[in-house]
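Contents: one structure, followed by commentary.
The values are calculated or read from the model by the stated rules, or taken from the named source; none is laboratory data. Remember, predicted model here, so these are calculated numbers, not experimental data. Please note: Cβ atoms are built from the backbone with ideal geometry, for glycine as well, and neighbour counts cover all protein chains shown.
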Amino acid sequence: MTENGGILKVAMPKGRIYKQASKLFREAGLPIPEDFDDSRRLIIPVPEAGMEFIMAKPVDVPTYVEYGVADIGVVGKDVMMEEAKDVYELLDLGIARCRMSVIGLPDWKPVIHPRVATKYPKVASQYFREHGQQVEVIKLNGSIELAPLIGLADRIVDMVETGQTLRENGLVEMKEMFQVTSRLIANRVSYRMKNAAIQSLCDRLSAVIPAQGGV
């Protein structure tokens, strides 16, 4: 699989995306041991697959790929849009499906220059600008749902999977902005130098994505 460039280095996000991605890779016929799913190692070689996994925070995956320390990576479309790195988007893997939404309290009333809290300031700013709304965007790194409850922000922009956390905190989805799935991305130089290996992986994954509910 890697005859034209050696081992493929793959940046993988820790957590639920990795579990779904590793399952997808196995269904594509790649010999990835299941006990790796619970490993705490940061670099996991899989020589029998001609690959090496670099376990990273999801937000760092595009950076590793852009700078070439990883040839390819798996990353959510939300992170790609926020980080805007110079990488190739190769494939929609159809996993980790969720949505980016505008969220608030059910009795929210429009105000002049509302504050919006989010982990995704670039995405949020662009969305409201395109909809002709002037907002003050506040960047937070965790517990975004807390912002409207304590009066820090009028609304929030965040990822929603089941909506359970919102319901438990008395919040509602006001508007779905876009759907999000995880994507396979590649470093531009690696895509040329290891094209056969990367294309072979894409072909294998493409063959099993429909069974996973992908596009």
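Listing for the model above:
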quantity: Residue match in region 51-73 (condition: touching a helix residue (DSSP H, G or I) at 6+ places or on another chain (Cβ under 8 Å), free of Cβ contacts under 8 Å to residues at least 24 places away in the same chain and outside the structural domain of Leu146 (by TED's automatic domain parsing)); calculated: yes
quantity: Lone unmet requirement of (1) modelled with pLDDT under 95; (2) over 30 Å from Ile54 (Cα atoms) for Leu171; calculated: (1)
quantity: Some residue of region 102-121 being of a type outside the set (Ser, Thr, Tyr), within 15 Å of the chain's Cα centre (by Cα), within 30 Å of Cys202 (Cβ to Cβ) and in the same structural domain as Met174 (by TED's automatic domain parsing); calculated: yes
quantity: Region 1-21, subset in contact with a helix residue (DSSP H, G or I) (Cβ under 6 Å, 6 or more places away or on another chain) and at pLDDT 90 or above, residue farthest from Ala96 (Cα to Cα); calculated: Leu8
quantity: Filtered residues of region 105-117 (kept if touching a strand residue (DSSP E or B) at 6+ places or on another chain (Cβ under 7 Å) and at negative phi); calculated: Pro106, Trp108, Pro114, Arg115, Val116, Ala117
quantity: Residue match in region 155-170 (condition: surrounded by 14 or more Cβ atoms within 10 Å (Cβ to Cβ), among the acidic types (Asp, Glu) and not in a strand (DSSP E or B)); calculated: no
